[in-house]
1. Tell me, what ³J(HN,Hα) does each residue in the range A:96-105 have, in order and in whole Hz, if you take phi through Karplus 6.51 cos²θ - 1.76 cosθ + 1.60 with θ = phi - 60° and put x for Gly and Pro?
2. Rounding to the nearest 20 debye, state how big the charge dipole of the range C:3-74 is about its Cα centre with +1 on each Lys and Arg Cβ and -1 on each Asp and Glu Cβ.
3. Grab the DSSP H runs of chain B that are 4 residues or longer, score each as -39,500 (n - 2.57), total them, divide by all residues and round the 222 nm result to the nearest 500 deg cm²/dmol.
4. Around C:Arg409, which amide H atoms from residues at least 5 apart in sequence, or from another chain, sit under 5 Å from its own amide H, with H modelled in the peptide plane?
5. With a/c under 1.5 counting as rounded, go ahead and sort the range A:1-148 into rounded, prolate or oblate using the C-alpha gyration tensor (a ≥ b ≥ c being the square roots of the eigenvalues; past the cut-off, prolate if a/b is larger than b/c, else oblate).
6. Just for the Cα atoms in chain A, what are the lengths along the principal axes, largest first, rounded to whole Å?
7. Put B:His174, B:His4 in order of accessible area, largest first, 1.4 Å probe: what do you get?
8. By DSSP, what percent of the beta bridges with both residues in chain C are antiparallel, rounded to the nearest 5?
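The values are calculated or read from the model by the stated rules, or taken from the named source; none is laboratory data. None of these values were measured; they are calculated from a predicted model. As a convention, Cβ positions derive from the backbone with ideal geometry for all residues, glycine included, and neighbour counts pool all protein chains shown. Surface accessibility is based on the protein's heavy atoms, side chains included, excluding ligands, DNA and RNA. Shrake-Rupley method; radii C 1.70, N 1.55, O 1.52, S 1.80 Å.
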Amino acid sequence: MTPLLTVEGLTMRFGGIAALERVGFTVSAGSITALIGPNGAGKTTVFNCLTGFYQATAGAITLQGPTGSLDLVAILGQPLRGSDFLDPVTLARRLFYKMFGGSHRVTRAGVARTFQNVRLFKEMTVMENLLVAQHLRVERNLLAGLLGTPGYRRAEQAAVARGLDWLQILGLRDAANRLAGELPYGDQRRLEIARALCTGPRLLCLDEPAAGLNPRETEALSDLILRLRTQHGLTILLIEHDMSLVMRVSDHVVVLDHGEVIARGTPQAVRQDPRVLTAYLGMEEEGGP
Amino acid sequence: MDLHIIGQQAVNGLILGSIYGLIAVGYTMVYGIIGMINFAHGEIYMVSAYLTAIFLALLTAFGLQSLPVVLFLTLLLTMAFTALYGWTVERLAYRPLRGSTRLAPWISAIGISLVLQNYVRISQGARNQGIPVLLEGKFRLQAAAGTVQITHVQVVIVLVALASMAVLTWIMHHTSLGRCCRATQQDRRMAELLGVDSGRIIATVFALGAAMAGVAGVLVTLNYGSFDFYIGFVTGIKAFTAAVLGGIGSLPGAMLGGVVLGLAESLFSGFVNTDYKDVFAFAILVLVLIWRPSGLLGRPEVEKV
Amino acid sequence: MTGRDGFLDAARWGLLALLVFGPITGLVLDGYQVVVHWQQPVWLAALVFGGRLLLNGLLATGPGQRLARRLARGRAGGSVLVVAGGRGHGRIWILILLALLSLALPFALSKYWINVATLALIYVLLGLGLNIVVGLAGLLDLGFVAFYAVGAYGYALGHQYLDLGFWQAIPFCAFLAACFGAVLGFPVLRMHGDYLAIVTLGFGEIIRLILNNWVEFTGGPNGVRVPHPSLFGLDFARRAKEGGATFHGYFDLPYSADHRVIFIYLVLLLMVMAMVHVVVRLRRMPIGRAWEALREDEIACRSLGINHVGIKLSAFAMGATVGGVGGVFFAASQGFVSPASFTFFESALILAVVVLGGLGSTVGVIIAALVLTILPEVLREFADYRILVFGLAMVLMMVWRPRGLLGLRRQAYGVDP
Ligand SMILES: Nc1ncnc2c1ncn2[C@@H]1O[C@H](COP(=O)(O)OP(=O)(O)OP(=O)(O)O)[C@@H](O)[C@H]1O
Ligand SMILES: [Mg+2]
């Protein structure tokens, strides 16, 4: 299978603390990959580097696009280096990304994410949340909007329809006109997924989607994740603590501990891996059973 | 360029800087503990200038003769009453807003500064007020081509500013109150779990910051002799600039930022242009915030996602 | 709370009030002496004591507790209401009636009151502009007056140096203010929200100080005279300039200074109506949604592919444009501009309009602007207390109803397939 996302040598330091140390893994197109590890292992930090919220200290993140590969670190805007001044093309690119780059470009490249602590636009309605997510797909021309041209109205209707489609899939259709902040917690989590989907991603990154859900909701969530892959052709990268969910949906598991990858492979293989057991159960490596 | 003029401007700048530093402490402590810019702090300083004049007049009217005693009592009374103002403002206008939107404390603070300004204007009248000259005399230092004058008041200002900063630093590092402050600053929830009454600590920080502004008020009044109900605004922003320049949240930073700003401003007005000295100070503020928001001694913030 | 506790609590507050009010209100400086006015602090303390006692008493009763709970709910921000789309016919008629009434208004008022109404409309315009920045996009702009000043001086100096007329000045100043907004905004909008407030404040002061000190260009503290506007080349003067015509001459009316005032009022009114329409539409357009989303959660916005700096910049520039246009009207109606009109207090006042209207609410802003400008005119005796009361209102509003007096409404979307 072709890799959609390649992470190589990803290192992230906060002051003296190394949250990530040369992390590397790939996500194949059309797969469901789980990123697991104990609390504080650096999973969310991987997401933040991936989606451009943190500027990685070192390493490369490459996304295969329809038109070739894209360097997700460069588009955040990097500091200029001395060597850039010898190469006008690199210099121009760097200057451009320094001024206009940022995490929003990562989403435009086709990566969408959810957050560990739900981040909704609480005082806006569910539908408005989804419309904001489609910002790049609607008619943004100011004049067209002010005059209400047919093109503008068509684009708005299409956006509402697309939002409704996703709400239907996530079972939130009846809540379309409620305030996002008023929804029950489980619905908020699903709304956040729907919102990420509305950006039209190729890679969907979910940060602990099952946290705080009851077993029945978790069950429904795993069905949903599987359906997103089979019916909507999405590639999914998932952080999760709930092992039954991970075992059920994922094709590939990457285990992080203290900022380092300690194992990767199929769920079965990883489950047997002694280092993983040690990391999770906190046993001495030699003294383990 | 004459050396003695530079020297004279440096002395003036140092004095100005100590004042800014004393006020900046209030901004920095409050920001450190609840992450809020206490916009009304400049007005507290303005109130303290009035209190200074009032207590001086009152003590003199009681027939106290010894100048050091009068000044010392004025300082204590002004600090106490300014602290009371700081405490009250926190209690009435900021505490109920905890957990509200980010804009709410700002707007409340702007409201409070309008209230304080006009409260003083209505009670005390809009005209300039002042105190008589109490300390005369100056030291003269020979510099290359002229003399640099340092008045006795200026010496008093530097000494008092240093002493009060020292006391404050001691409080923050060696008393249980200071420990609680620092703990609350690091992690309020955790401190509360350990039994720290964070509400009381925050109120105390406001009171301490206000008391330092009170010191500044006394010193400024001694130095310049006159004030009006409007002095809090510009001085407040400049003191805030000093706090940012030094790295907001850091006590030594506030003092350092004050001195740097005071020197810069006074050298600018001495050698470039007096009319634009405020523009210069505000420009420093804008540039520092754009290029080095963490200031000279502060640590850069990483936003948590 | 038992009766005794309530009483002790009130007594504590009364004592605190006595201490706080004591020195400033009770000891009034007169030269180097103080005059004792002991009644004032005592009255104030008694007021605080009585008020607190009453409050404690009220809270002990059933209805009082219910009221307190309602206030607490308002504070939590539970006052957003989603309403179904499609406005009723009733509302359209009310709007038309209001529009006609306000168009007819100047013909029934004296010149003084038309001027007051004009000023009120200017504040409506400024409030709507600042509301985009603060209410919708959630960016605290404490230097809004800078754009207002750019508009006013753009017209005054544009006339002096470039011979701009009123009608050319409107687009020119709108553009100029937008440029100022963009130039200021670009480096600043990446910053942490609190710093943004301070930087805008500093910027506002810088503009005012430059206007004040650059005497050769701006006339300094003495200000600049501004010409009266004209209508299709017709002057509102008593006598025409050479080769020109006057309004009263052309329409064969007796000359009256009111014509000019009414004219400015009407043009401004149309401008405000257009602005209201634009703001109402903007809120439902992608850009308006993005502004509000940005206010709610900037990080989530970025994760959705929205360029937060660009969106903030657009809000900032849009607000600045409106401020600039407001400035042109201010200059035209006053006939004179000076830096004294553009102090921080002016920014605070416009902010008060937005806040008291309930951040984000268009109707609220309009009402607040009208009330805040017209009420002081009606209550002239209390002019001294005007600003004090504004300040208190801002604090009370934040404590009790941070989301505004009216509560916000959001439009629902049609869900049926
Ligand atoms: N902005 C930051 N500044 C400083 N340290 C950080 C920052 N973000 C993360 N860290 C540190 O990096 C480490 C990894 O954190 P991360 O949030 O990635 O863990 P995680 O694997 O997602 O844990 P959990 O399962 O609890 O969500 C932690 O020690 C954390 O304190
Ligand atoms: Mg995490």
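1. So the J values, rounded to whole Hz, are 4, 5, 5, 7, 10, x, x, 4, 4, 5.
2. Values: 7 positive and 3 negative charges, 116 e Å.
Dipole size: approximately 560 debye.
3. Values: 11 runs with 217 residues, N = 305.
The helix-only estimate for chain B comes to -24500 deg cm²/dmol at 222 nm.
4. C:Leu81
5. Details: a/c = 1.72, a/b = 1.20, b/c = 1.42.
In terms of gyration-tensor shape, oblate.
6. Here the Cα extents, ordered largest to smallest, are 73, 60, 36 Å.
7. Values: B:His174 120, B:His4 40 Å².
Putting B:His174, B:His4 in descending order of accessible area: B:His174, B:His4.
8. Bridges in chain C are about 55 percent antiparallel.
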